[in-house]
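*Asks:* One structure follows; several queries about it will come next.
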Amino acid sequence: MARKLPPSFQLSPEVERAQAQKQPVVALESTVITHGLPYPSNLTLAEDMENEVRGQGAVPATIALLDGAVCVGLNPAQLLQLSQPGRGMRKISTRDYGAAIASGASGGTTVAGTMLAAYLAGIRVFATGGIGGVHHNISRRRQASYDISADLPALAHIPMIVVCAGAKAILNLPATLEYLETWGVPVVGYQSDDFPAFFSRSSGLKTNARADSPEEVARLAKAHWSLGLQSAILVAAPPPEEVALPTELVNAAVRQALREARERRIRGPEVTPYLLERVRRLTRDQSLRANLGLLLNNARLAAQIAQYI
(Lines give C-alpha, C1' and ligand atoms only; values in the text may rest on other atoms or scores of the structure.)
Protein backbone atom coordinates (compact mmCIF):
# COMPACT_ATOMS: atom_id res chain seq x y z
CA MET A 1 0.00 0.00 0.00
CA ALA A 2 1.41 3.40 -0.94
CA ARG A 3 2.30 5.56 2.02
CA LYS A 4 2.57 9.34 2.00
CA LEU A 5 5.88 10.26 3.58
CA PRO A 6 6.51 13.37 5.67
CA PRO A 7 8.31 16.07 3.66
CA SER A 8 11.49 15.62 5.72
CA PHE A 9 11.91 12.00 4.61
CA GLN A 10 14.36 10.81 1.94
CA LEU A 11 14.34 7.17 0.86
CA SER A 12 17.45 5.87 -0.83
CA PRO A 13 17.04 4.63 -4.41
CA GLU A 14 17.83 1.10 -3.21
CA VAL A 15 15.06 1.17 -0.60
CA GLU A 16 12.58 2.77 -3.01
CA ARG A 17 13.34 0.11 -5.60
CA ALA A 18 13.03 -2.69 -3.04
CA GLN A 19 9.63 -1.46 -1.89
CA ALA A 20 8.38 -1.05 -5.45
CA GLN A 21 9.47 -4.62 -6.21
CA LYS A 22 8.13 -5.91 -2.86
CA GLN A 23 11.54 -7.08 -1.71
CA PRO A 24 12.16 -7.56 2.03
CA VAL A 25 13.67 -4.53 3.77
CA VAL A 26 15.29 -4.40 7.23
CA ALA A 27 15.70 -1.19 9.22
CA LEU A 28 18.95 -0.61 11.12
CA GLU A 29 19.63 2.03 13.76
CA SER A 30 22.52 4.47 13.66
CA THR A 31 23.37 5.48 17.24
CA VAL A 32 25.72 2.52 17.29
CA ILE A 33 27.60 4.38 14.55
CA THR A 34 27.44 7.89 16.03
CA HIS A 35 27.72 7.07 19.73
CA GLY A 36 28.49 3.38 20.15
CA LEU A 37 31.96 2.82 18.72
CA PRO A 38 34.99 4.90 17.73
CA TYR A 39 36.03 5.45 14.11
CA PRO A 40 36.80 3.34 12.06
CA SER A 41 35.29 0.42 14.03
CA ASN A 42 31.85 2.06 13.81
CA LEU A 43 32.01 2.29 10.02
CA THR A 44 33.18 -1.32 9.71
CA LEU A 45 30.31 -2.51 11.89
CA ALA A 46 27.74 -0.51 9.88
CA GLU A 47 29.02 -2.02 6.64
CA ASP A 48 29.13 -5.52 8.13
CA MET A 49 25.54 -5.29 9.37
CA GLU A 50 24.31 -4.15 5.98
CA ASN A 51 26.24 -7.01 4.36
CA GLU A 52 24.61 -9.52 6.73
CA VAL A 53 21.18 -8.28 5.64
CA ARG A 54 22.10 -8.41 1.95
CA GLY A 55 23.55 -11.89 2.41
CA GLN A 56 20.07 -13.12 3.35
CA GLY A 57 18.44 -11.60 0.27
CA ALA A 58 17.02 -8.49 1.95
CA VAL A 59 17.77 -4.77 1.57
CA PRO A 60 19.25 -2.85 4.52
CA ALA A 61 17.81 0.53 5.44
CA THR A 62 20.12 2.21 7.93
CA ILE A 63 18.24 5.24 9.26
CA ALA A 64 19.76 8.55 10.36
CA LEU A 65 19.12 12.29 10.38
CA LEU A 66 21.42 14.20 8.04
CA ASP A 67 21.20 17.99 7.71
CA GLY A 68 17.57 17.96 8.81
CA ALA A 69 16.50 15.13 6.49
CA VAL A 70 15.34 11.74 7.78
CA CYS A 71 17.34 9.40 5.56
CA VAL A 72 15.98 5.88 5.19
CA GLY A 73 18.78 3.91 3.61
CA LEU A 74 22.27 5.39 3.42
CA ASN A 75 24.90 5.40 0.69
CA PRO A 76 28.60 4.85 1.47
CA ALA A 77 29.32 8.60 1.67
CA GLN A 78 26.51 9.10 4.18
CA LEU A 79 27.71 6.19 6.31
CA LEU A 80 31.17 7.73 6.32
CA GLN A 81 29.71 11.13 7.30
CA LEU A 82 27.92 9.55 10.27
CA SER A 83 30.99 7.67 11.44
CA GLN A 84 33.40 10.62 11.53
CA PRO A 85 34.28 12.01 14.97
CA GLY A 86 33.88 15.67 15.89
CA ARG A 87 30.79 16.39 13.81
CA GLY A 88 28.43 17.08 16.68
CA MET A 89 26.08 14.20 15.93
CA ARG A 90 23.01 14.13 18.15
CA LYS A 91 21.09 11.17 19.52
CA ILE A 92 17.69 11.26 17.85
CA SER A 93 14.78 9.70 19.72
CA THR A 94 11.10 10.34 19.05
CA ARG A 95 11.03 13.60 21.05
CA ASP A 96 14.03 15.00 19.17
CA TYR A 97 12.84 14.85 15.56
CA GLY A 98 10.93 18.13 15.43
CA ALA A 99 13.72 20.30 16.84
CA ALA A 100 16.44 18.48 14.91
CA ILE A 101 14.61 18.72 11.56
CA ALA A 102 13.76 22.38 12.10
CA SER A 103 17.38 23.26 12.88
CA GLY A 104 18.91 21.16 10.09
CA ALA A 105 20.77 18.94 12.55
CA SER A 106 22.37 15.53 12.03
CA GLY A 107 22.44 12.52 14.30
CA GLY A 108 22.04 8.83 14.89
CA THR A 109 18.60 7.38 15.57
CA THR A 110 17.93 5.40 18.75
CA VAL A 111 15.71 2.31 18.88
CA ALA A 112 12.61 4.48 19.36
CA GLY A 113 13.70 6.99 16.73
CA THR A 114 14.46 4.25 14.22
CA MET A 115 11.16 2.50 14.85
CA LEU A 116 9.17 5.66 14.16
CA ALA A 117 11.01 6.47 10.93
CA ALA A 118 10.92 2.88 9.70
CA TYR A 119 7.20 2.54 10.37
CA LEU A 120 6.41 5.80 8.57
CA ALA A 121 8.47 4.53 5.64
CA GLY A 122 6.51 1.28 5.49
CA ILE A 123 9.23 -1.00 6.91
CA ARG A 124 8.04 -3.64 9.37
CA VAL A 125 11.25 -5.40 10.52
CA PHE A 126 14.05 -3.78 12.51
CA ALA A 127 17.31 -5.20 13.89
CA THR A 128 19.15 -3.69 16.84
CA GLY A 129 21.49 -4.79 19.61
CA GLY A 130 19.63 -4.31 22.87
CA ILE A 131 16.60 -2.20 23.66
CA GLY A 132 16.50 0.45 26.36
CA GLY A 133 14.34 -0.19 29.39
CA VAL A 134 13.87 0.61 33.06
CA HIS A 135 17.08 1.76 34.72
CA HIS A 136 18.17 0.77 38.19
CA ASN A 137 17.62 3.47 40.77
CA ILE A 138 21.20 4.66 41.41
CA SER A 139 20.13 7.74 43.33
CA ARG A 140 20.69 7.84 47.09
CA ARG A 141 17.15 9.17 47.50
CA ARG A 142 14.83 6.31 48.46
CA GLN A 143 11.86 7.67 46.56
CA ALA A 144 13.66 8.67 43.38
CA SER A 145 11.70 7.80 40.26
CA TYR A 146 12.97 5.27 37.75
CA ASP A 147 14.50 6.38 34.48
CA ILE A 148 12.48 4.70 31.72
CA SER A 149 13.74 4.63 28.15
CA ALA A 150 11.60 6.05 25.33
CA ASP A 151 12.16 2.70 23.61
CA LEU A 152 9.49 1.10 25.81
CA PRO A 153 6.58 3.39 24.83
CA ALA A 154 7.68 3.02 21.20
CA LEU A 155 7.47 -0.76 21.51
CA ALA A 156 4.03 -0.38 23.06
CA HIS A 157 2.62 1.74 20.23
CA ILE A 158 4.52 1.07 16.96
CA PRO A 159 3.64 -2.21 15.18
CA MET A 160 6.97 -3.62 14.04
CA ILE A 161 9.05 -6.75 14.53
CA VAL A 162 12.09 -5.74 16.57
CA VAL A 163 14.93 -8.25 16.72
CA CYS A 164 17.27 -7.75 19.67
CA ALA A 165 19.36 -9.61 22.26
CA GLY A 166 17.06 -8.50 25.05
CA ALA A 167 17.53 -5.27 26.96
CA LYS A 168 20.93 -3.83 27.78
CA ALA A 169 22.47 -5.74 30.68
CA ILE A 170 22.94 -2.58 32.77
CA LEU A 171 19.14 -2.23 33.11
CA ASN A 172 16.57 -3.51 35.57
CA LEU A 173 15.45 -6.47 33.47
CA PRO A 174 12.52 -7.68 35.63
CA ALA A 175 11.05 -4.16 35.69
CA THR A 176 11.58 -3.82 31.94
CA LEU A 177 9.68 -7.05 31.27
CA GLU A 178 6.91 -5.92 33.63
CA TYR A 179 6.52 -2.70 31.63
CA LEU A 180 6.31 -4.65 28.37
CA GLU A 181 3.73 -7.00 29.89
CA THR A 182 1.62 -4.07 31.11
CA TRP A 183 1.52 -2.60 27.62
CA GLY A 184 0.80 -5.90 25.89
CA VAL A 185 4.08 -6.26 24.01
CA PRO A 186 4.75 -9.92 23.10
CA VAL A 187 8.30 -10.92 24.08
CA VAL A 188 9.24 -13.86 21.88
CA GLY A 189 12.29 -15.98 22.65
CA TYR A 190 13.97 -17.10 19.44
CA GLN A 191 14.78 -20.80 19.75
CA SER A 192 14.76 -20.27 23.51
CA ASP A 193 12.33 -19.86 26.40
CA ASP A 194 14.72 -17.53 28.25
CA PHE A 195 14.99 -13.77 27.98
CA PRO A 196 18.62 -13.02 27.06
CA ALA A 197 20.65 -10.51 29.03
CA PHE A 198 22.33 -8.84 26.07
CA PHE A 199 25.90 -10.09 26.63
CA SER A 200 24.63 -13.38 28.14
CA ARG A 201 22.30 -15.99 26.71
CA SER A 202 19.95 -16.01 29.70
CA SER A 203 18.87 -13.52 32.35
CA GLY A 204 17.07 -16.16 34.38
CA LEU A 205 13.76 -14.64 33.24
CA LYS A 206 11.27 -16.22 30.85
CA THR A 207 9.73 -14.91 27.66
CA ASN A 208 5.98 -15.20 27.19
CA ALA A 209 6.24 -16.93 23.80
CA ARG A 210 8.72 -18.85 21.70
CA ALA A 211 9.41 -19.14 17.96
CA ASP A 212 11.83 -21.58 16.40
CA SER A 213 11.96 -20.28 12.82
CA PRO A 214 11.73 -16.96 10.96
CA GLU A 215 8.43 -18.07 9.41
CA GLU A 216 7.01 -18.78 12.87
CA VAL A 217 7.93 -15.27 14.02
CA ALA A 218 6.14 -13.80 11.02
CA ARG A 219 3.00 -15.90 11.62
CA LEU A 220 2.90 -14.79 15.24
CA ALA A 221 3.25 -11.13 14.28
CA LYS A 222 0.52 -11.31 11.64
CA ALA A 223 -1.85 -13.02 14.06
CA HIS A 224 -1.17 -10.35 16.70
CA TRP A 225 -1.78 -7.46 14.32
CA SER A 226 -4.85 -9.11 12.76
CA LEU A 227 -6.64 -8.41 16.05
CA GLY A 228 -6.10 -4.69 15.65
CA LEU A 229 -3.31 -4.63 18.25
CA GLN A 230 -0.70 -1.95 17.62
CA SER A 231 2.30 -2.99 19.69
CA ALA A 232 5.61 -4.24 18.39
CA ILE A 233 6.68 -7.88 18.50
CA LEU A 234 9.94 -8.07 20.45
CA VAL A 235 12.03 -10.99 19.23
CA ALA A 236 14.71 -11.80 21.80
CA ALA A 237 17.56 -13.74 20.21
CA PRO A 238 20.34 -14.97 22.53
CA PRO A 239 23.83 -13.87 21.50
CA PRO A 240 25.78 -16.58 19.63
CA GLU A 241 27.45 -19.07 21.96
CA GLU A 242 30.91 -18.25 20.64
CA VAL A 243 30.69 -14.63 21.84
CA ALA A 244 28.25 -14.86 24.78
CA LEU A 245 29.60 -14.16 28.26
CA PRO A 246 28.86 -16.09 31.47
CA THR A 247 25.94 -14.53 33.29
CA GLU A 248 27.80 -14.17 36.59
CA LEU A 249 30.71 -12.38 34.92
CA VAL A 250 28.36 -9.80 33.45
CA ASN A 251 26.32 -9.46 36.64
CA ALA A 252 29.45 -8.84 38.71
CA ALA A 253 30.66 -6.18 36.26
CA VAL A 254 27.26 -4.47 36.21
CA ARG A 255 27.02 -4.46 40.03
CA GLN A 256 30.44 -2.84 40.30
CA ALA A 257 29.65 -0.30 37.58
CA LEU A 258 26.36 0.63 39.28
CA ARG A 259 28.11 1.02 42.63
CA GLU A 260 30.74 3.30 41.09
CA ALA A 261 28.09 5.34 39.26
CA ARG A 262 26.26 5.86 42.55
CA GLU A 263 29.46 6.92 44.31
CA ARG A 264 30.36 9.32 41.49
CA ARG A 265 26.79 10.70 41.40
CA ILE A 266 26.42 10.03 37.69
CA ARG A 267 23.01 11.27 36.54
CA GLY A 268 20.68 11.56 33.56
CA PRO A 269 21.95 10.90 30.04
CA GLU A 270 25.47 10.25 31.35
CA VAL A 271 24.40 7.02 33.08
CA THR A 272 24.14 4.64 30.12
CA PRO A 273 27.45 5.51 28.40
CA TYR A 274 29.25 5.45 31.75
CA LEU A 275 27.91 2.02 32.71
CA LEU A 276 28.55 0.46 29.31
CA GLU A 277 32.12 1.77 29.23
CA ARG A 278 32.81 0.51 32.76
CA VAL A 279 31.41 -2.93 31.89
CA ARG A 280 33.63 -3.01 28.80
CA ARG A 281 36.71 -2.24 30.88
CA LEU A 282 35.77 -4.60 33.70
CA THR A 283 35.27 -7.48 31.25
CA ARG A 284 38.49 -6.61 29.40
CA ASP A 285 36.67 -5.93 26.14
CA GLN A 286 34.80 -9.23 26.20
CA SER A 287 31.51 -7.34 26.36
CA LEU A 288 32.46 -5.38 23.23
CA ARG A 289 33.16 -8.61 21.34
CA ALA A 290 29.79 -9.98 22.45
CA ASN A 291 28.08 -6.76 21.37
CA LEU A 292 29.53 -6.90 17.88
CA GLY A 293 28.67 -10.58 17.50
CA LEU A 294 25.06 -10.19 18.59
CA LEU A 295 24.50 -7.17 16.33
CA LEU A 296 25.50 -9.18 13.27
CA ASN A 297 23.44 -12.16 14.42
CA ASN A 298 20.35 -9.97 14.88
CA ALA A 299 20.77 -8.36 11.46
CA ARG A 300 20.96 -11.83 9.89
CA LEU A 301 17.87 -13.08 11.71
CA ALA A 302 15.85 -9.94 10.93
CA ALA A 303 16.60 -10.36 7.22
CA GLN A 304 15.38 -13.96 7.39
CA ILE A 305 12.16 -12.91 9.12
CA ALA A 306 11.57 -10.09 6.60
CA GLN A 307 11.22 -12.69 3.83
CA TYR A 308 7.85 -13.67 5.32
CA ILE A 309 6.40 -10.20 6.10
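The values are calculated or read from the model by the stated rules, or taken from the named source; none is laboratory data. Bear in mind that the values here come from a model prediction, so they are computed numbers and not experimental data. Note: ideal-geometry Cβ built from the backbone for every residue, glycine included; neighbour counts use all protein chains shown. Surface areas here come from the heavy atoms of the whole protein model, side chains and all, with no ligands, DNA or RNA. Shrake-Rupley method; radii C 1.70, N 1.55, O 1.52, S 1.80 Å.
*Asks:* Being under 13 Å from Phe9 (Cα atoms) and surrounded by fewer than 18 Cβ atoms within 10 Å (Cβ to Cβ), is that true of even one residue in region 105-119?
*Replies:* no
*Asks:* Before we move on, is Val254 assigned to a helix (DSSP H, G or I) and under 24 Å from Tyr179 (Cα atoms)?
*Replies:* Numbers: assigned to a helix (DSSP H, G or I): yes; under 24 Å from Tyr179 (Cα atoms): yes.
Yes; evaluated as a whole, the condition is true for this residue.
*Asks:* So, in region 198-214, how many residues would count as being farther than 18 Å from Asn297 by Cβ and open to solvent by 40 Å² or more (accessible area, probe 1.4 Å)?
*Replies:* Start the filter on region 198-214 by keeping residues that are farther than 18 Å from Asn297 by Cβ, which leaves 204-206, 208-209.
Then keep just the ones that are open to solvent by 40 Å² or more (accessible area, probe 1.4 Å); that gives 204-206, 208.
Here the count works out to 4.
*Asks:* Let me ask something else about it. Can you tell me which residue in region 277-291 is nearest to Glu50 (Cα to Cα), limited to those that are under 17 Å from the mean Cα position of the chain (by Cα) and surrounded by 21 or more Cβ atoms within 10 Å (Cβ to Cβ)?
*Replies:* Across region 277-291, the extreme among qualifying residues is Asn291.
*Asks:* Could you name every one of the helices (runs of 4 or more DSSP H) located completely within region 14-109 that has at least 1 residues being of a type in the set (Asp, Glu) and in contact (Cβ under 8 Å) with a residue 60 or more places away in the chain? Before the answer, list the steps.
*Replies:* Numbers: elements: 41-55, 76-83, 97-102.
Qualifying helices (runs of 4 or more DSSP H): 41-55.
*Asks:* Taking region 234-248, which residues are over 18 Å from Leu205 (Cβ atoms) and open to solvent by 30 Å² or more (accessible area, probe 1.4 Å)?
*Replies:* Glu241, Glu242
*Asks:* Right, another one. Go through the residues of region 26-36 one by one and say whether even a single one is touching a Phe, Trp or Tyr at 6+ places or on another chain (Cβ under 6 Å), within 23 Å of Pro214 (Cβ to Cβ) and surrounded by 24 or more Cβ atoms within 10 Å (Cβ to Cβ). Break it down stepwise before answering.
*Replies:* Residues of region 26-36 that are touching a Phe, Trp or Tyr at 6+ places or on another chain (Cβ under 6 Å), as a first pass: 27.
Now narrow it down to the ones that are within 23 Å of Pro214 (Cβ to Cβ): 27.
Within this subset, residues satisfying the condition of being surrounded by 24 or more Cβ atoms within 10 Å (Cβ to Cβ) are 27.
So far as region 26-36 goes, yes, one or more of its residues are touching a Phe, Trp or Tyr at 6+ places or on another chain (Cβ under 6 Å), within 23 Å of Pro214 (Cβ to Cβ) and surrounded by 24 or more Cβ atoms within 10 Å (Cβ to Cβ).
*Asks:* Within region 57-77, count every residue that is surrounded by fewer than 19 Cβ atoms within 10 Å (Cβ to Cβ) and at negative phi.
*Replies:* Qualifying residue count, region 57-77: 5.
*Asks:* Restrict the check to region 204-212 and report whether at least one residue is basic (Lys, Arg) and within 25 Å of Thr272 (Cα to Cα). Before the answer, list the steps.
*Replies:* Our first condition is that a residue be basic (Lys, Arg); within region 204-212, this holds for 206, 210.
In the following step, the residues that additionally are within 25 Å of Thr272 (Cα to Cα) were identified as 206.
Yes - at least one qualifying residue is present in region 204-212.
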